[in-house]
Structure formats: C-alpha cells, structure tokens
Amino acid sequence: MDIVELQASLKQLRPRLLRFARLQLRNDAAAEDAVQEAMLAAVENIARFEGAAAVATWLFAILKNKIIDEFRRRARQPVES
C-alpha cells in the first residue's frame, strides 16, 4: 500500500473511526484527538502494514490502542471536586 491509497482509505474511514471513538470515550474532543493520533500513526507506520488484514481492521486496531491510552491517561489524573 502506498501513501495515496492510505490517504483515500483514511478519508473514507474517518467518519466510522470518529463514531467508534465517540462511543467509547463519550467526549467529542477526546474522540477527535484519538482519531487524529491513530491516523498519524498509520501514516508514520505505513511501511509496517503487511496487507494481511484489511486496512479498516488495521486502522481500527490502532484507534483501539489510542483509546486505551486515553483511558490510562484519565486514570492517572486526579479527580477534580
């Protein structure tokens, strides 16, 4: 896969990625951040994509890991009163 194909996939999948992130994080800004981080990670690591899975599967796996990172970050924050 080259960068042009990845960009087309990202454009097509972005609404689904964002919907998934919003359902998980229940915060629009955090969801947008997670999707942006996932898309950036995909672009930076395109050489590692072997094509064994569908591009959508690969992107959702990256996003899932970014969401987990966000939950971990939230768990470390002190509770505001």
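The values are calculated or read from the model by the stated rules, or taken from the named source; none is laboratory data. In this text the structure is predicted, and so the values were computed from the model without any measurement. Cβ sites come from the backbone with ideal geometry, for glycine too, and all protein chains shown count toward neighbours. With ligands, DNA and RNA removed, areas are computed over all heavy atoms of the protein, side chains included. Shrake-Rupley method; radii C 1.70, N 1.55, O 1.52, S 1.80 Å.
In this structure, residue 70 does not satisfy being part of a helix (DSSP H, G or I), within 9 Å of the chain's Cα centre (by Cα), surrounded by 15 or more Cβ atoms within 10 Å (Cβ to Cβ) and acidic (Asp, Glu). Each residue in the range 16-32 was checked for being open to solvent by less than 90 Å² (accessible area, probe 1.4 Å) and either among the small types (Gly, Ala, Ser) or more than 12 Å from residue 60 (Cα to Cα) (or both), and 8 pass.
Checking 47, 42 one by one, the residue that is within 19 Å of residue 18 (Cβ to Cβ) and either aliphatic (A, V, I, L, M) or part of a loop (DSSP other than H, G, I, E, B) (or both) is 42 and no other.
With respect to the stated conditions, residue 40 is out of contact with any helix residue (DSSP H, G or I) (no Cβ under 8 Å at 6 or more places or on another chain), surrounded by 12 or more Cβ atoms within 10 Å (Cβ to Cβ) and not β-branched (Val, Ile, Thr).
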